[in-house]
Amino acid sequence: MSVPFPLTTTLRGARMARFSFHSFPCRGRIVVVYSSFRPRIDGFHRRVAAESVSDTTVIVCYQGQWRRSEEQMMSESTKVTIRDVAREAGVSPTTVSRALSKPGRVNLETATMVREVAERLGYRTKNLEPRQDDALRGMILTTTSDLKYSVFADFVDGMQRPCIERGFILLTALTEEKRDLERSTIMRMATQVDGLVLTSSRLSDSTIRKAAQVKPTVVVNRLVNGVQSVVCDDRPSLTAVVRRLKALGHESVTYIAGPENSWQNGLRWQALLSACQKERMRLRQIPGPQIFDEEAMRESYAAFFDNPTTAVILFNDIFALQFLDVLAARGVSVPEQVSVVGIDDTTAGARSTPTLSSIHIPREQMGAQAATKLIGKLLHIDDGDSAPIVSYSTFVERGSTGSAPTTPIV
């Protein structure tokens, strides 16, 4: 058997698939695995390729054919690392890692910039392409936490119009913010639908990428590297809120946060932190509940009174409206003693007493953008642009914000 280049180590037999790569003396060598038992060898090859060092070439031979993975052959000439991306982007490797795996821990501008640099240099450049089916079924699945909160219903309403116009049925699955339920729903429905729209998903990035390999996928309210995203940039509106509070005489702000695994929560905190630093205002964060549970939320509200500030910004309108109830029960006047700002601009907030100042997010527009993008991919009429689709929120001032009080809450 002839080999087109020198061999220094050859491993034979499907049993090799049970050994770790590091069990073999193959650093700086060409490692060849030979077997007619393709599944076991393929599994071994993937593990070896993942664990190998840059100066090792792995070749797999089965059924008399020599094979090297495309990724390995491409990486032989240039292997882009996180450090390369960091150097080009002008940030630290840690920031690159966060931007690609947990973009909620950096601001949207940095996350987008790092993603663009990574793709340009060839680090995870290819968008995940799903397997193609023979025929479309005419159905799209969207997952959302629930429909009791009007915010999620608005996203679904926005998706519905493009689906109707193009002859698709929109199926909506409620996941109750439970990862396991969301994951199992996608797995069970993937063979029945043409594509997925994941709204405010709590799944990990890796799980979403796996879903995108099975079906065309768009994520809303989330940046996932390699998957089409539709997001809202809250930074300008949150900056406007902080500036307005400063103009009203406020010197301190509390942010009552959302779930820790919420991508939006991290971005909003980063935006508030930056804005308060520029305005020289004190900012503190109170951790919010991991799920929308009234009892857990009331514990977060109670923590506010341990060290009250004159202004409070909450993760969403649900939190803000319940906080107004807590303040009223304690005899605290709004906005005379404390100013309150929500996020989402819901109808309930606009009708509350006092009316709730909030940040308006164009949810129906974002839902329509997500559905339109997905349908474009399914019908092969998409423009091919995989950059995140970014909308912008706006600050709507109402009756719950006012001048800073002269008498603090006790």
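The values are calculated or read from the model by the stated rules, or taken from the named source; none is laboratory data. Not measured: the values here are computed from a predicted model. Note: ideal-geometry Cβ built from the backbone for every residue, glycine included; neighbour counts use all protein chains shown.
Each row is one residue, and each column tells you yes or no for (1) farther than 27 Å from Ser252 by Cβ; (2) surrounded by 19 or more Cβ atoms within 10 Å (Cβ to Cβ); (3) of a type in the set (S, T, N, Q); (4) in contact with a strand residue (DSSP E or B) (Cβ under 9 Å, 6 or more places away or on another chain).
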| residue | (1), (2), (3), (4) |
| --- | --- |
| Ala368 | yes, yes, no, no |
| Ile375 | yes, yes, no, yes |
| Ser386 | yes, no, yes, yes |
| Val396 | no, no, no, yes |
| Ser403 | no, no, yes, yes |
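In the set (1) within 19 Å of Arg98 (Cα to Cα); (2) touching a residue at least 40 places away in the same chain (Cβ under 8 Å), Thr217 fails one condition alone, (1). Each residue in segment 243-273 was checked for being surrounded by fewer than 18 Cβ atoms within 10 Å (Cβ to Cβ), within 26 Å of Asp205 (Cα to Cα) and either aromatic (Phe, Trp, Tyr) or at pLDDT 95 or above (or both), and 1 of them qualify.
The residues listed here are Thr125, Thr143; of these, the one that is at pLDDT 90 or above and not in a helix (DSSP H, G or I) is Thr143. Selection within segment 174-209: residues that are in a helix (DSSP H, G or I) and among the acidic types (Asp, Glu). The member of this set that is nearest to Asn221 (Cα to Cα) is Asp205.
The residues of segment 131-179 that are in contact with a strand residue (DSSP E or B) (Cβ under 8 Å, 6 or more places away or on another chain) and charged (D, E, K, R) amount to a single one, Asp146.
Segment 291-410 holds helices (runs of 4 or more DSSP H) entirely within its bounds, and those carrying 2 or more residues that are within 30 Å of Arg120 (Cα to Cα), touching a residue at least 24 places away in the same chain (Cβ under 8 Å) and of a type outside the set (A, V, I, L, M, F, W, C) map to 363-378.
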